[in-house]
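Reviewing the structure listed below.
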Amino acid sequence: MDYQVIWFILITVLFTGFFFLEGFDYGVGMLAPFVSKREEDRTLILRTIGPVWDGNEVWMITAGGALFAAFPHVYATMFSTFYLALFLMLVALILRGVAFELRTKEKCPCWQKTWDAAIFIGSIVPAFLWGVAVTDLAAGLPIGSNMIYQGNFFDLLSLYSILGGLVFVLVFAYHGASFLQLRLTDKGLLYKIQGLGKCAGGSAVMAYVLYLLLTMENTDLLARPCALGLFLATAVFFLASLCRFAKKPGKSSFILSALAIASVTVGFFAGMFPRLMVSSLNPDWSLTITNASSTEYTLSIMTVAAFVLVPIVLVYQIWTYYIFRKRLCADDPAHH
Amino acid sequence: MDALLLSRWQFAITTIYHFLFVPLTLGLTIWVALLETCYVRTQRPHWKEPCRQLVKFFGTLFLINFSLGVVTGIVQEFHFGMNWSEYSRFMGDIFGAPLALEALTAFFLESTFLGIWMFGWDKLSPKVHCLCAWLIAIGSNLSAFWILVANSFMQHPVGYVVQNGRAEMNDFLALITNPYVVGEYSHALFSGISTAGLLVLAVAAWKYVHDKASQDVFRHVLKAGAIYLAVGVLGVMGSGHMHTQYLAEANPMKLASMEALWENENPAPFAVAAVVNQYESKNDCEIKIPALFSFMLYNKPEGELKGINTINAEMAAKYGNGDYRPDVFGMFWSFRIMVGCGGAMLLIAFAVGALTHLNRLEQYPWLLKYLPLTLPLPFLANTAGWFVTEGGRQPWLVVGLQKTSEGLSQNITGLEVFLTMAGFTLLYLVLIVAALYVAVRFIKKTSIPVEGRDA
């Protein structure tokens, strides 16, 4: 197999890991303000992702680094194209990262409320923007023959891409709810989370159906049987998860929602292959794994590194979830 | 608005902000891991609890700083694609690899084990918990290694060929064994230790003076901190000296600018102070010590050093007409600020170390009282040092291969860059204030008494 193909697959894996893991921790951040108004409850809710969110975020950073190393032209074009959108995402992520550390350091209610708001914004904004970005990539952007974006900020926003953002927000909110169901003990909170999860999940289903229709209209992704199959599988996984969740939330509903996210991500990449960014001006100007990649030498070294390191990372990340597998309750000893 | 100039400002501002936190993270994580090792290994039962609280005390300061370091670091990674996409295209084949390796080997390690360390106090055995602290320290310092591998290439390209309109890697081993990395990395590592060392001393001095209940504990911290600081500063000086000697062959323009040495001299003097006149390519006035600079470079009071004017003419002959001089005034004075701050820190380390060792702290009450005021020293030194490194690279983005002006993204407007620059500057400022506020309040309210007698 070509190194380029291996790296296309590795980047798919990294984005799948990112959307699956950070998906639920964005979801938790989005839901926290709605689940409870009490500060203690919110602290408890956020503690479910406290030990892991930072590690989850590294999946995104690694995906970015891998794009840079393997497909530098994609990294260059994509990041300069989404210039202002990425700025907003960075502001959101900065607020979020600092908020987790600072919110508990002062007892004053306005202090905590401010950082809670930062976590909410820091979770919903990146989720939305990733949805917009993924949708734009599939629909195509005005990229010239020199690989440089020809449009402006507002060309990134269309009805379709905004719907894409909304789908991401709703799916992640639901995914967060199904994660929280596994991590808490308080009956009242669990009841509230179930209500919110059903609401987000139900809306996500409707938005996703609409999204599929627009995807058929705006892209050629669904013309490929394997991508089409994966997008439909997503619908099946998601509905199954939602049914389980509505009846009796538990591991199965979480696993199914994770599968839904994984299959839609893989479906997206399968539909794009071998392109990574589609040019709406001329199909030949799209950025592909061949015209945007690093040299074979660089890719070969990176491949060896990835095959040695990724399994190690997976082992210790899984260990983290194992250590913190116990459900949290309000009277657990404070962490620090 | 000029997108190039603004992008350069933006990069400088965000890098300087980021580099306020990074060295502290590098040094403090090792400090915390060392403390935790003491906690795990101590045989004196009444020290067990204070030791544990000390780990948590410095651990909390570390975490506050770390969170700012991480979030400002993501901006740096995105920056290359956002503002400098032509650079990314030209250099991606080489520059991307260390960045991706940084994420795979370092970021995952530090962030995953940080989560475990923070929340795992009652879930892991003390030894395993301590191991997590060391893994965080290894992760942080590995991350510095990879980023400096990338930076060293920009200063001194090795292991590449230019073809297909870009620089392509052909020797990965040369990239990571670039002699430039040795100088940059060891210097950064020790400056991290110095930065953390001075923070530890400043905090311990304040607690010693203002919190009688914790005095016993912080007397020990003062002693250990003084040693830590001394190790750091001596390391910084040694690695800096070595690296400067190496600059004579690797990057003579940078070296000559650090000295504001315009014409060739043999032996070269060391200028203590100078009024630099970049327009006329000379110093209007200077105080100098004869032959000292040659001595520093070649370990003997003779040896030629090329001047800026000569090197500029050589570069013009090689790369085409143009001005290849960095901002000499900035270089000259940044270098002196860096070295001056380092010297002051070494004095502090020796003074505090000697007085704690001799049990004479009480005789010089002003020393500890004013010690916290010296806290800006390492941050000033780090900023100045980073200016010497990066300012000395101008007008090149990658020395000899790509000019700064050629690396800019072509589709971004000055207004866009201005908005994001203003946004980051303000946001970072607010966050620093918030973090400082939290850190100071935390230091004030946390007390660490020792129960029982010292054996």
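Check the range B:303-319 and report whether any residue there is assigned to a loop (DSSP other than H, G, I, E, B), farther than 24 Å from B:G183 by Cβ and free of Cβ contacts under 8 Å to residues at least 40 places away in the same chain.
So far as the range B:303-319 goes, no, none of its residues is assigned to a loop (DSSP other than H, G, I, E, B), farther than 24 Å from B:G183 by Cβ and free of Cβ contacts under 8 Å to residues at least 40 places away in the same chain.
Looking only at the range B:392-420, which residues are touching a residue at least 24 places away in the same chain (Cβ under 8 Å), surrounded by fewer than 20 Cβ atoms within 10 Å (Cβ to Cβ) and not in a loop (DSSP other than H, G, I, E, B)?
Across the range B:392-420, the qualifying residues are B:T404, B:S405, B:E406, B:G414, B:L415, B:F418.
Filter the range A:108-160 down to the residues that are open to solvent by less than 20 Å² (accessible area, probe 1.4 Å) and touching a strand residue (DSSP E or B) at 6+ places or on another chain (Cβ under 8 Å), then identify the one that is nearest to A:F268 (Cα to Cα).
So the residue we want is A:L137.
Looking at the structure I just gave you, is B:L135 closer than 19 Å to A:V313 by Cβ, surrounded by fewer than 24 Cβ atoms within 10 Å (Cβ to Cβ) and touching a helix residue (DSSP H, G or I) at 6+ places or on another chain (Cβ under 7 Å)?
yes
Look at B:F424 and say whether it is away from every other protein chain (no Cβ under 14 Å) and closer than 30 Å to B:E86 by Cα.
no
Taking only the range B:77-112 into account, find how many residues are more than 7 Å from chain A (Cβ to nearest Cβ) and under 24 Å from B:E36 (Cβ atoms).
Looking only at that region, the number is 3.
Checking the structure you have, find out if any residue of the range B:366-376 is under 30 Å from B:K254 (Cα atoms) and part of a loop (DSSP other than H, G, I, E, B).
Checked against the condition, which is being under 30 Å from B:K254 (Cα atoms) and part of a loop (DSSP other than H, G, I, E, B), the range B:366-376 yields at least one hit.
Just for the range A:186-197: of the residues that are open to solvent by 60 Å² or more (accessible area, probe 1.4 Å) and over 14 Å from A:R38 (Cβ atoms), which one is farthest from the chain's Cα centre (by Cα)?
Here the answer is A:K187.
Of the residues in the range B:35-44, how many are open to solvent by 10 Å² or more (accessible area, probe 1.4 Å) and in contact (Cβ under 8 Å) with a residue 24 or more places away in the chain?
4
Can we say A:G202 is crowded, with 21+ Cβ neighbours inside 10 Å, under 22 Å from the mean Cα position of the chain (by Cα) and within 19 Å of A:F237 (Cα to Cα)?
no
In the range B:288-302, what residues are closer than 21 Å to B:M242 by Cα and assigned to a strand (DSSP E or B)?
Hit for the range B:288-302 is B:I289, nothing else.
If you take the residues of the range A:67-103 that are free of Cβ contacts under 8 Å to residues at least 60 places away in the same chain and among the small types (G, A, S), which of them is farthest from the other protein chains (Cβ to nearest Cβ)?
So, considering only residues that are free of Cβ contacts under 8 Å to residues at least 60 places away in the same chain and among the small types (G, A, S), the one farthest from the other protein chains (Cβ to nearest Cβ) is A:A92.
Output the residue which, of all residues in the range B:65-76 that are at the interface with another protein chain (Cβ under 7 Å from one of its Cβ atoms) and buried (at least 22 other Cβ atoms within 10 Å of the Cβ), is nearest to B:A434 (Cα to Cα).
Only one residue tops the list, namely B:L68.
Would you pick out the residues in the range B:152-164 that are surrounded by fewer than 23 Cβ atoms within 10 Å (Cβ to Cβ) and in a helix (DSSP H, G or I)?
Result: B:M154, single match.
If A:L276 satisfies all but one of (1) within 14 Å of chain B (Cβ to nearest Cβ); (2) touching a residue at least 12 places away in the same chain (Cβ under 8 Å); (3) assigned to a loop (DSSP other than H, G, I, E, B), what's the number of the condition it fails?
That leaves (3) as the condition not met.
Which residue pairs have Cβ atoms under 7 Å apart, sit 6 or more places apart or on different chains, and have a first residue in the range B:186-213 that is assigned to a helix (DSSP H, G or I) and a second that is modelled with pLDDT under 95 and of a type in the set (F, W, Y)?
Pairs found: B:A204/B:F218; B:K207/B:F218; B:Y208/B:F218.
Please work out if A:W285 is more than 13 Å from chain B (Cβ to nearest Cβ) and at pLDDT 90 or above.
yes
With the condition kept exactly as written, say whether any residue in the range B:117-126 is open to solvent by less than 10 Å² (accessible area, probe 1.4 Å) and either facing another protein chain (nearest Cβ under 7 Å) or of a type in the set (S, T, N, Q) (or both).
The answer is yes, given that some residue of the range B:117-126 is open to solvent by less than 10 Å² (accessible area, probe 1.4 Å) and either facing another protein chain (nearest Cβ under 7 Å) or of a type in the set (S, T, N, Q) (or both).
The values are calculated or read from the model by the stated rules, or taken from the named source; none is laboratory data. All figures in this text were calculated on a predicted structure; none of them were measured in a lab. Ideal geometry is used to build each Cβ from the backbone, glycine not excepted, and the neighbour counts take in all protein chains shown. The protein model used for the area step is the full one, side chains on, heavy atoms only, and it has no ligands, DNA or RNA in it. Shrake-Rupley method; radii C 1.70, N 1.55, O 1.52, S 1.80 Å.
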